[in-house]
Structures are given as C-alpha cells and as structure tokens.
Amino acid sequence: MIEAALSACGVTKKIGATTIVDGVDLNLRPREITALLGPSGAGKSTLLRLLAGLEGLDAGEVTIGGSALSRPGLTVPPEKRQTGLVFQDFALFPHLTALENVRFGLPHLTKADGRALALSWLDRMQLAARSGAYPAELSGGEQQRVAIARALAPQPAAILMDEPFSGLDPALRGGVAALTLAVIRDAGVPALWVTHDPSEAMMLADTLAVMQSGQIVQSGPPETVYRSPIDLAVAQALGPINEIRLTEDAGVALVRPEDLVLDPDGPIGATVTSVQFTGPTWRLLAMADGQNLMIDLPASTLPPASGSAVHLTIRSRS
Amino acid sequence: MSLRSSFLVAVGALFVLSACGNSQPADDPSASDASSGPQSVTLYSTRHYDADQLIFDAFEAQTGIEVQAREAGAAQLLETMRAEGDASPADVILAADAGSLWRFKDAGLTQAVASETLETAIPARLQDAENHWFGLAKRYRIIAYDPERLSAEQVSSMTNLTAAEMEGEICVRSSSNVYNLSLMGELIDRLGSVGAQQWADSVVGNMARDPSGGDTDQIRAIAAGACSAAIVNHYYWVRLSQSESEADLDVAASTMLSFADAGNGTHTNVTAAGVAANAPNPEGAVAFIEFLASPEGQALLVSDTKEFPVVAGVPLPAGLDGLPEIIESDLDLSTLGNNQVEAQQIFDRAGWP
Amino acid sequence: MLLAVVGLSAPLLSAGLMGVLSGGGETWAHISGTTLSTYAGSTVVMLVLTGILVLVFAIPAAWLVTMHEFPGRRFLEWLLILPLAAPAYVLAIAYANLLGVAGPVQSGLRDMTGLSARDYWFPDINSLPGLSVILAAALYPYVYLAARAAFTTTSICTLDAARTLGARPRDLLLRVALPAARPAIIAGLSLALMEAAADYGAADYLGVQTLTVGVFRAWSSYGDVGAGARLALILLALAVFLQWLERFDRGSAGSEATSKRWQSLTRARLNGWHGWAAAGFCFALFSLGFGIPVLRLLWIAIDTNAPVASLSGAAVNSILLAAAGASLAFIAGLAVALGARRKTGLSRLARLAASGGYAVPGAVLALGGLIVIGWLGLGLTGHVALLVLIWIYVCRFTVAGAEPMQAALARAPKSMDQAARSLAASPLRRLVRVDLPIAMSGAVVAALILFVEILKELPATLMLRPTGWDTLAVRAYGYASDERVAEATVPCLLITLAGLVPVILLSVRLSRARPGETA
C-alpha cells in the first residue's frame, strides 16, 4: 500500500463564467479522515469529483505522493488513479451479490484469493453473514457498508466519500458511520468525507475543512475550527452561535450557547423569552439590549422561568 | 440466469436463421439446373387457393418437377421481377387478368413460347398474338342486379347502365382495379374514345355511392338495398352462392346475374400464364403451362375460383351449371392491354375514383 | 458502432437522397398533378383526427383507472392495453366487414326499422374518418400507458397537496394532473402518430390514399422508385416533426419519480351510475380496440368454417423471420442502449438512426433498401431479398428493442459507472460486467416486443419477401384484399394471439411497478 498524501494545490474549476471551485488547497494525509463541510452549492461535490478524476480541472494540480494526477490538460482517469469512491446512493451493482460486488475490484486475483479477500473485508464491515445477498435484499446501512468494503478491498491510494450516510435512517446512521470510519482509518489511506452534518463530522473526523463559495475558508482539528472560527459563516456552519456586542468599540464576540452561563454577577442582563428542552440541555432564548441570545444549560439544572430576568457571563477557555 | 437464457434464445434464433437460409432450394439458381438432381419450376402467381397445392402436387406426380410459388398482387410481382433483374428465379407468370399479362409483356418480362399443345388446346382469341401468354380460365365482367327492382331487359347491356332511369342505382368498385380497366379497354374498342368517355361520365352520374370495397361488397350492397345493379366478375356471385355461410347464401338468393352485352357479347377476360423472359427452367415452365391446359389441370384450376375452363369438354365446377347462356365477346384480348392507359385516363376525366 | 450507424441509417438516407436527387420523372409529374394533394391532405387529416381521438379515448380512461374505484376497475385497467396486440389492418378487416352496408350492424338496423339501405345515412367505414377511428382504437394504448404512468408516479403528492388547497376533482385533472403529465402524454401521442403515419394495411384496405399508400403504389403500380422516394420525403419531414414532438420538453419530464418511496393511492370511489358509467366507458374502449373486432373475426371463422391447414407454411415463415429479425434487432438495440450510456457522438448518432428508422414507415425503409440494392447492382433474389428484408426489420425496430434495455440502464444511477471506474475497471470490463447485465433485465420484454412487431409487419414484408416466404401477415392481407375475408380470419386471429403474449407480460410488469399499491 502506498502511504502517501493526496494533495490539491490551487485547484480551480469553472463552468462557463462561474467558478465552482476556486483555488482550493487541501492535503489529505494517510490514516486521517478529513470532513468537508459547507452549505449546498459551495462546491464540495465538485471538488470531490476533481480529486477522483471524474472531471478535468482548469487550474492547479492534484498530486499523490508528489506525482501529478490532474492538472490542466491532464486527467488520469478514475480507473487508473486507485481512488476508492463511495456515493450517497451506494451505487452497488444490482446484479451481483455483496461478495461479488466487493470482488469486482479484484480481477487480478484468482477466484479463491479474491473471494477470501472480499470476505475478509465484508467481515471487517460485520457483513460476512450477508455475503450471498443481492443489494435489493440488503438494508441501506448494509448496502453502504458493502460499498465501503468494495472501495477499500483493492487497497486504494485514497478514498473519497460523497455524503455516504445521508441516505440512511437517522437511527442507524451514527452506528454505521462510526464503524465504517474506524475501518477506513484502520486501512491507513487518506480519506475525504463530504458531509453536511457538522456534529457527525466533528465527532468522527480528524480534520475539518469548511468550504464556502468554492473556497476552503478554514481547516484544522474539529475543536479548533469549532472554538475559533475565522468568521461568523464558518462558526454558523458548525453549530448555533451568538454574536454579542459587548461595548461600542470592542466589536463583536462569537459565543457558543453552551459558553454563556448564568451568573448573578454577570455583566450581561437579559430577559428569558422562551425555555425549550432539547434532551441533553435546556435551550433558553433571551433578549439583552435588543439582541437575541441562545443559552444552553445542562439538563440536570433547573432552568429559569420564561419572563424572568437573568444575568449572564461568558465562560472563558484556556 | 435470465441473462444466460436470453442469450441462448438469441443465439438459437440465429442458428435457425442460418439453417433455414440453407434449406431454400428455390433461392439457389443451381437447383433449377435441368441436368442435376430434381427439377423445379418457380411460379409467380396472383392466385392463392387451396387447390393450387393440388395442381402442384399433380404436376409433380406427372413430371417429377417441383413447383415453388410466390403469390402477390400483379403489380407487386412485376416490380419484384424488375428488381430481381436477370437473376429472377421466376419461370412462370400466372395472373388473373389479360391486362396484367400485357403489362409483364410490355415490361419485357415474358418470352414467346412455341407449343403445339397450347396452340391447339386454347382458342386463338384467348392467346397473345406473339404467344407471350395463354389464357387458361375465363371470367366474365357482367351485371349483378336486384330482380325485384330491375327487369332483365334493363340490365341486358353495359350501355343500358347510362340510362336516366338508372340514376342512383349503380354500385361499382374503384377505377384503379384492373377488371374495370380491362372492361373499359373493350368499351373503347366498341364505342370509340368519345363513346367510352360518355359511357363513363353517365355511369358516374348514376352511381348510388362512391366506389368502395371489392366486387363482393357491391353484390352485398344490392342485397342490402343500397343499389340495384353492380358491375362485377361472375365468380364473386357464384362463390357467394356456394358459401357455407347462411348470410352469403341469402345474398346470392336475392340477386341475379345478367351476362350483359358489352357492345358485342359479354366482356371476357382470362387467367393467363406466360414464361418469364429470364426463366432458369423454360422447358419446365412450358410443361407447367401445358399441364394447366390439360383436362386435369383445367379442372383443378377452376374448382375454387369458379371460372370457366378454356378447353372444350372439361366439366364445369359446382355452381356454374345453372347460369344462363353466355354469348362471349369476340374481342382479341391483346386489345385490353393496349387500351389500358387510355382507359385510366377516361376514368380519371370522368371523376370515377 | 460506426457499422450500426451506417447500417441503421442507410435505407432511410438513401430513400431521402433518392427523393432529392430523382429529377421528378413522368410518374412524379403524374402523381404531383393528380394524387399528391390527396395523399398529403388525407395524411394530415388522418393524423389530426387520429390524434384528437387518441387523446379523447386515452386520457379519461387513464384518469378513471388511476384515480377512481369503480366496478371492474382492476380488470379493465389491463383490458385497456389489449388493443396493442392487434395490428390496425386486422381491425380494418373486421370493421369493414362488420359495418359495411351488408354487415350485421346495418342489416340488423334495417330489420329493426324496416328501412331500406337508401333511406338512412350510415357512416362509411371505407373513408378517412373511418380509418382515423380504427387507427385511434388500435393506437390509443400508447397514450393511455403514458398518461397512466404519469398520473400514478409524478403527481400523487401534488394532487394531495392540491386537494388540501381545496381543488375540486375536475380542477385536479385539468389544472394539476394534465399539465404535470403533459410531457409523457405528448411522447405517447407522437409514438401513436408515428404508427398511424406508418400504417399501410388499414389505409390501403379501406381505400384511403395516404402518403404511405402512395409510396407503396409508386413502387408497385408505377415501378418508379424515384417517385416513391419523393413522396417519402414528405413522410421523412413528418417523422422529423414527430421525433421533435416526442422530445419536446422532455427536460421537465425528467423530474419524474424523484422520491423512491411509493405513495399508496387513495382512489375516489365512484358510486351508483357514476361508477357504472366509468366502467362502461372503459369497457367500450376495450371493445372498440379489441373485443368487437376479435369476436367478429372469430364468428366469421366459425360461421364459414374457415380453413386452417394451409397456413402452416406461412406460420413457420412468420416465426423464422420474426426470430431472425428479432435476434439481430435485439443485438443492435443492445448496442444502441449501451452506447447511449456512453454518450459519445457516434453512439448518439446510432440512437438517432435507430429512432429515425422507427419513425419512418416500413414502406419507405423498404424503398430505401431497394434503392441501396439497386446502387449496389444486385438483384433482389433469394438470399439477398431475405437479408434485405431482415435488415429493414432491424432498421425499423431496433429502437423498440433498445427502449426497455435503456430503461433498465436508466434505473441504474450514474454513480454506478463512476464506482466501477474507481475500481480500476476498463471500459470493456464496465461494459461486459456492469452495463450489459443491467441492460439484460429488460431483455425479455425487448425480445418479445421485437418478435411480435416483426410478426405484424406488413408493407416491407410485402415488398421484399423472397419467393416462398409469405408470412401470416402477408397471407391475411392477401386473402382480405382478394375479397376472401373468411380465409383471412384465421391468420388475423393468429397474429393477434401472438401479439397478446408480450402485451400481457407488459401489463403484469406494469402492475408490479407499484409495490406500494395493494394489488
């Protein structure tokens, strides 16, 4: 297996006069799962297709371990670049069993070896018992696990996943995602995971990259991006956020709802307008100096009543 | 599984195709080579009757020559032979109208035949002057009528159909039909171009309805009361009178035939045969036509069609014996073909669809 | 693929080329001076009338069976497809007999009223309107199927939404369902009209001089291929128009079935006479297109004790030709379907050539075949004629075979091909291991449709068949035009019976297409 990074450098793609992907730099390292987040239309899927070689690029370069895969005028086709692809609609071959689907990418092996290898991948995906089933007989979660086993079996140089879990039932989703991402990390390949679910991405990815209007505006470990977003848009991409103007001159502070705490001596006075129960927390909506605030309190505390006046302080983090 | 079986079906069908392609002796010119193996004769025919197979079988039993038949309309057969050119497998052309044979001859698709047997068996009037074709069975284009509405006198002649009293009484098929063209060919000869044109104009004026359907439909229309006279070939009525259907028998019972005069006797036409210009087996072709002119061939030829045999002494098929006496026109049948183009022009000018 | 493009388009192009090149000989002068306006006029009137009738028949029927519950609805739903089994010329033969002045209908009328045939007016079936009614009765299922599919799949949610907004049932059809189904209905209509324009048998039998009849006659009566080709030019223009119509706002048709979940239909129950009226309408439509003509032919066959034995040769020929033509058209159709997935210029051309062949009447293609043979200096004998005939079958019907396989491929998402590419599969491997097996799921339907279409084919077979290769269709038509309807009944019924097999298979598939619906 090649343990090499898949890198994009200044990658640009235009359709007509519109720039869909605009000078993106991205480095996908082995054993690391990079989640690509951003609103729809930001260019996430196009970037993935450029990395996969499904489309040619207009400027920049895609390299793996230093050798070029794509640059203007050159596109190593998908079948030659050893990148595994996983799609939202699973894209399993309907006429082949789970085992045959996985074996599809292993034509160079003998039948017995191919079977054995395919079975071992299904086993890692906890699907050994379903190896003889056709896609139509598998649940959505099972189908996606087969698709990932299929993508990993030929030992690709990288794996690219386009919203792989968004077609699944919410109840199944977390489990399937955790299992498959663990297996992928284990396989040691660089992985790109396009998703629009920030909490899932923060929980399971090693690196977040936030894309807006064709550009990657911030990337880094999940906590860094969450705690220190470079702007309001990035902050909003990862979860609810308050904009608080403390003084006329100091500008605006971005504060997560859980970082506002009740404190009788706190500097911010507010009136509670609504109290909602979300499960793990109480979400208070409050009004302070004409600003709307969201405050998350642990569910174990007793929340203030709607209409009561409270004082708040911003929790500091080191 | 279904993939595999679909493939098998497709491959199997291809094998069948190649196998049947090989088993077509008629397609292979060498098969009709007289010197090797069993002989065959290819017949291009406008007829298709169950008795035809009996004719072929009887001919093969007598001569050892097998008959391969292609059946289609005369115009189609002619175009097919043109398209086939020199390589045409046709030996014999058999068509149900002298006018049709004239077209084949005119297109250079027939050849002259020297056969003593045919010359003696068939009246000279029913042969081509240059012996390109020979009439083998006679049909008459006559008037069927409703005896309750018309007297025999009123329909005793084709020219009576122009009378003012016949207005709204006549049913007849479209003019593009070769039977009507041949009838008009005779009328041109008898009445002259001007007279024939007047005849056509008047008949169009007397029509009960626009021409539609075939001759049988006209006879049925009389029985239904839609008109009282129709120009038809005699055998269409005879077939109705011999039908197994009760309704057809009723139609025949309520109508009568008048072997009407067409200027000088009843308009006569023939089913005729000729030898193809490029016949691969001309001897076999002549032998086949001679067989059709033999008493055995004659009887088989007319048994289903209800035509009249051309050879004297051959018994009439069932249904023809009760018909009134017929005075045939003495016109040379070659005239019908020669007048064909003018006939169509007259019909077109008369507005006879 | 290049071979497929050339092979599929050669007859069509040569007919077109010959039409342009032929200097307009004597025959053309005659035709253009006398019958051309009749040919063109009756074709246009026939298409307009047929089109209107097809819509009037098919749309209410589709609306009734998809949105309502009434007595016999489930049975009628598939009875309404059966007219696809019988070719139009079979209907023409049956109705000309049934409705003629001496037929049982008019006779019965006279017996009942005591009137004579001259005392009343009765519509003449041997006429342009008669032909249009018969074609509409034979071809309405194209629109019925399209409209039914569109009503069931696209608009259930929209309709439910419209209902909650207070739309009345009539508004639902006129303002919501019909506009939503329009692309599908237009596509179905253009298919029906292509078939109507291509019809030779029914028009010729009823004595209506359409352009297709004219093309045939230019060849058969005047022997003038050039004049035929000139007439064919008009038909080619018509075919281009109908093709364009079929693709007309396909873009919006592409929005169908975005949701993979099937909504179970709640049908409005029609009670009392409303229900019986709905059932009566659907049953009348089925009777018109299938029940009445088939029963009439059956009755004649029994009444006259029609002979069967002499047909075995024709039946064998029919089966051989249909099997051979269907196998080759199947392979060509598979190539076109697989090619369409690749979207190269050449595969697009192949698809265009194939659909062009379907849009053009068989008589025109046969004419083109004759022209090609003429240019090659070959005689149309024996094996050559057989091969040309099968070649014309392939040109005409390839797209009918490609369609079900293309539909199967279309159900497979695009990402499947991309997934295969990412697994290092070469183009050949993707073709053989992925696309081919998926396309094969439409194979049975494709093969059956091809087989039956060729079995029913009349004009090209009439023009090109070699000696000894009469088919059931040729025999049926020959007997009928020789005024021997009784003998024509058995081959007509045999063709219809064969046609029933794929139609029933198709209707079973369609009823399975909505697993959410309680069957």
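The values are calculated or read from the model by the stated rules, or taken from the named source; none is laboratory data. A quick note: this is a predicted structure, and the numbers were derived from the prediction, not measured. Using ideal geometry, Cβ is built from the backbone for each residue, glycine included, and neighbour counts are taken over all protein chains shown.
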Members of region A:1-21 found to be part of a loop (DSSP other than H, G, I, E, B) and within 25 Å of A:Gln155 (Cβ to Cβ), listed by number: A:Met1, A:Ile2, A:Glu3, A:Ala4, A:Ala5
Does A:Gly251 qualify as being more than 29 Å from A:Ser139 (Cα to Cα) and free of Cβ contacts under 8 Å to residues at least 12 places away in the same chain? yes
By residue number, the members of region B:65-109 that are polar (S, T, N, Q), surrounded by fewer than 23 Cβ atoms within 10 Å (Cβ to Cβ) and touching a residue at least 40 places away in the same chain (Cβ under 8 Å) are B:Gln68
Can you name the helices (runs of 4 or more DSSP H) wholly within region B:72-186 that have at least 2 residues being out of contact with any strand residue (DSSP E or B) (no Cβ under 9 Å at 6 or more places or on another chain) and within 13 Å of chain C (Cβ to nearest Cβ)? B:74-84
Here are some residues: A:Gly60, A:Gly65. Which one is at positive phi and touching a Gly at 6+ places or on another chain (Cβ under 6 Å)? A:Gly60
Just to verify a result, which residue in region B:307-318, among those that are out of contact with any strand residue (DSSP E or B) (no Cβ under 6 Å at 6 or more places or on another chain) and crowded, with 17+ Cβ neighbours inside 10 Å, is nearest to B:Thr271 (Cα to Cα)? B:Pro309
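Yes/no matrix, rows are residues, columns are (1) surrounded by 24 or more Cβ atoms within 10 Å (Cβ to Cβ); (2) in contact with a Pro (Cβ under 8 Å, 6 or more places away or on another chain); (3) within 25 Å of C:Gly228 (Cα to Cα):
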{"position": "C:Leu389", "(1), (2), (3)": "yes, yes, yes"}
{"position": "C:Tyr393", "(1), (2), (3)": "yes, no, yes"}
{"position": "C:Ala402", "(1), (2), (3)": "yes, no, no"}
{"position": "C:Ala408", "(1), (2), (3)": "no, no, no"}
{"position": "C:Phe451", "(1), (2), (3)": "yes, yes, no"}
Return the only residue of A:Asp162, A:Asp206 being under 28 Å from A:Lys13 (Cβ atoms), of a type outside the set (Val, Ile, Thr) and surrounded by 22 or more Cβ atoms within 10 Å (Cβ to Cβ). A:Asp162
Can you name the residue in region A:36-63 that is assigned to a loop (DSSP other than H, G, I, E, B) and touching a Leu at 6+ places or on another chain (Cβ under 7 Å) and is also farthest from A:Val217 (Cα to Cα) among such residues? A:Gly53
Please determine whether any residue of region A:131-139 is in contact with a helix residue (DSSP H, G or I) (Cβ under 7 Å, 6 or more places away or on another chain) and either polar (S, T, N, Q) or over 20 Å from C:Arg433 (Cα atoms) (or both). yes
For region C:305-325, how many residues meet the condition of being of a type in the set (A, V, I, L, M, F, W, C), over 27 Å from the mean Cα position of the chain (by Cα) and in a helix (DSSP H, G or I)? 1
Can you name the residue in region C:313-355 that is hydroxyl-bearing (Ser, Thr, Tyr) and closer than 30 Å to B:Arg70 by Cβ and, of all such residues, is farthest from the other protein chains (Cβ to nearest Cβ)? C:Ser318
Quick test of your reading of the structure: C:Asp482 fulfils all but one of (1) more than 14 Å from chain A (Cβ to nearest Cβ); (2) buried (at least 20 other Cβ atoms within 10 Å of the Cβ); (3) among the acidic types (Asp, Glu); (4) out of contact with any Gly (no Cβ under 7 Å at 6 or more places or on another chain). Name the failing condition by number. (2)
State which residue is nearest to the other protein chains (Cβ to nearest Cβ) when the search covers only region A:92-102 and only residues that are touching a Gly at 6+ places or on another chain (Cβ under 8 Å) and surrounded by fewer than 24 Cβ atoms within 10 Å (Cβ to Cβ). A:Thr97
Residues in region B:240-268 that are farther than 20 Å from B:Leu161 by Cα, surrounded by 20 or more Cβ atoms within 10 Å (Cβ to Cβ) and either within 11 Å of chain C (Cβ to nearest Cβ) or touching a strand residue (DSSP E or B) at 6+ places or on another chain (Cβ under 6 Å) (or both) total 3
Can you tell me which residue within region C:26-84, out of those that are assigned to a loop (DSSP other than H, G, I, E, B) and crowded, with 20+ Cβ neighbours inside 10 Å, is farthest from the other protein chains (Cβ to nearest Cβ)? C:Phe70
Identify, by number, the condition in (1) more than 23 Å from C:Ala197 (Cβ to Cβ); (2) surrounded by fewer than 20 Cβ atoms within 10 Å (Cβ to Cβ) that C:Leu352 doesn't meet. (1)
Given the condition within 12 Å of another protein chain (Cβ to nearest Cβ), in contact (Cβ under 8 Å) with a residue 60 or more places away in the chain and outside any helix (DSSP H, G or I), answer yes or no: does some residue in region C:104-123 qualify? no
Considering (1) in contact with a strand residue (DSSP E or B) (Cβ under 7 Å, 6 or more places away or on another chain); (2) at pLDDT 90 or above; (3) surrounded by fewer than 21 Cβ atoms within 10 Å (Cβ to Cβ), say which one A:Ala182 fails and leave the rest. (1)
Need the failing condition index for A:Gln143 against (1) free of Cβ contacts under 8 Å to residues at least 60 places away in the same chain; (2) farther than 17 Å from A:Ala91 by Cα, just the number. (2)
With the structure loaded, tell me whether C:Phe290 is surrounded by fewer than 24 Cβ atoms within 10 Å (Cβ to Cβ), over 30 Å from C:Ala439 (Cα atoms), more than 12 Å from chain B (Cβ to nearest Cβ) and in contact with a Leu (Cβ under 6 Å, 6 or more places away or on another chain) or whether it fails that test. no
Here is a check on your reading of the model: is C:Ser310 touching a residue at least 40 places away in the same chain (Cβ under 8 Å), hydroxyl-bearing (Ser, Thr, Tyr), farther than 30 Å from C:Ser415 by Cβ and within 14 Å of chain B (Cβ to nearest Cβ)? no
Can you confirm whether region A:186-196 contains a residue that is away from chain C (no Cβ under 14 Å), under 10 Å from the mean Cα position of the chain (by Cα) and not in a strand (DSSP E or B)? yes
Which residues, taken from region B:214-226, are hydrophobic (A, V, I, L, M, F, W, C), facing chain C (nearest Cβ under 8 Å) and in contact (Cβ under 8 Å) with a residue 12 or more places away in the chain? B:Ala221, B:Ala223, B:Ala226
Selection status of A:Ser7, crowded, with 17+ Cβ neighbours inside 10 Å, among the small types (Gly, Ala, Ser) and in contact (Cβ under 8 Å) with a residue 24 or more places away in the chain: yes
Condition first: part of a loop (DSSP other than H, G, I, E, B) and closer than 19 Å to B:Trp133 by Cα. Now tell me which residues in region B:35-71 satisfy that. B:Thr46, B:Arg47
Being out of contact with any Leu (no Cβ under 7 Å at 6 or more places or on another chain), facing chain A (nearest Cβ under 9 Å) and free of Cβ contacts under 8 Å to residues at least 24 places away in the same chain is the filter here, so list the residues in region C:428-454 that pass it. C:Arg429, C:Arg430, C:Arg433, C:Val434
